[in-house]
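The values are calculated or read from the model by the stated rules, or taken from the named source; none is laboratory data. Note that this is a predicted model, so its numbers are computed, not measured. In this analysis, Cβ positions are derived from the backbone assuming ideal geometry, glycine residues included, and neighbour counts consider all displayed protein chains.
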Amino acid sequence: MAKNIWMITTILLLVIGSGWFVFNNSKSTNNGNSVNNGEYQKVVIGMKNYNYYPNDVKVKAGTTVRLYLDNSVRGCYRSLVINEFGIRKNLQSASDYVEFTPTQKGTYPFSCSMGMGTGRIIVE
Ligand SMILES: [Cu+2]
């Protein structure tokens with residue numbers, strides 16, 4: 001009897017586990033606009049002490065950057081402005097992103113739409 005319960009539990013966990021995996025997979029493919037053969041630098045920014053964290057982000061010149069805000073980022077911090085790259089976008093969920101390709105080395109500030117949270121993108 002105890003053995004059966006274990007088996008059922010194991011099967012249930014496997015089913016739930018694989019279901020979650022499939023769900024997650026389809027979610028990420030939904031988002032992909034395959035403009036650049038999938039080659040990009042993924043940057044995920046969170047929030048700490050009422051600012052973006054990390055707020056200095058290093059990327060390489062010449063490769064497309066996809067910048068995400070994770071679930072710790074709230075309120076107007078989710079609307080991201082990077083003037084130099086012409087970006088002003090409200091990232092509604094952790095799977096939304098902004099995309100740009102830095103071509104020149106340098107330091108480019110970013111902020112939330114109201115300028116409370118700030119940071120820098122450092123292109124090397
Ligand atoms: Cu703000």
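Being within 13 Å of the ligand (Cβ to nearest atom) and assigned to a strand (DSSP E or B) is the filter here; which residues of the stretch 113-124 pass it?
Going through the stretch 113-124, the residues within 13 Å of the ligand (Cβ to nearest atom) turn out to be 113-119.
T118, G119, listed by residue number.
Going residue by residue through the stretch 59-68, is there one that turns out to be within 15 Å of the ligand (Cβ to nearest atom), at pLDDT 95 or above and within 16 Å of the chain's Cα centre (by Cα)? It would help to see each step written out before you state the result.
Our first condition is that a residue be within 15 Å of the ligand (Cβ to nearest atom); within the stretch 59-68, this holds for none.
So far as the stretch 59-68 goes, no, none of its residues is within 15 Å of the ligand (Cβ to nearest atom), at pLDDT 95 or above and within 16 Å of the chain's Cα centre (by Cα).
Here is a check on your reading of the model: is Q104 more than 15 Å from V43 (Cα to Cα), more than 16 Å from the ligand (Cβ to nearest atom) and not acidic (D, E)?
Yes; evaluated as a whole, the condition is true for this residue.
If I ask for residues that are over 16 Å from Y108 (Cβ atoms), of a type outside the set (S, T, Y) and touching a strand residue (DSSP E or B) at 6+ places or on another chain (Cβ under 9 Å), which ones from the stretch 49-77 would you list? Working first, answer last.
Step one: list which residues in the stretch 49-77 are over 16 Å from Y108 (Cβ atoms), which gives 49-51, 53, 68-77.
Still in the list and also of a type outside the set (S, T, Y): 49, 51, 69-71, 73-76.
Listed by number, the residues that qualify are N51, L69, D70, N71, V73, R74, G75, C76.
Can you confirm whether the stretch 75-83 contains a residue that is exposed (fewer than 13 other Cβ atoms within 10 Å of the Cβ) and part of a loop (DSSP other than H, G, I, E, B)?
no
Each row is one residue, and each column tells you yes or no for (1) outside any strand (DSSP E or B); (2) at pLDDT below 95; (3) of a type outside the set (S, T, N, Q).
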position: N25; (1), (2), (3): yes, yes, no
position: S34; (1), (2), (3): yes, yes, no
position: K42; (1), (2), (3): no, no, yes
position: V73; (1), (2), (3): yes, no, yes
position: R88; (1), (2), (3): no, no, yes
position: T103; (1), (2), (3): yes, no, no
position: Y108; (1), (2), (3): no, no, yes
position: S111; (1), (2), (3): no, no, no
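Given the conditions (1) free of Cβ contacts under 8 Å to residues at least 24 places away in the same chain; (2) at negative phi, which single one is not true for G86?
Unmet condition: (2).
All but one of (1) within 16 Å of the ligand (Cβ to nearest atom); (2) assigned to a strand (DSSP E or B); (3) of a type outside the set (D, E) hold for Q92, so report the exception by its number.
Just one mismatch for Q92, condition (2).
Among the residues of the stretch 87-119, what is the count of those that are farther than 24 Å from N71 by Cα, loosely packed, with under 15 Cβ neighbours inside 10 Å and not hydroxyl-bearing (S, T, Y)?
3
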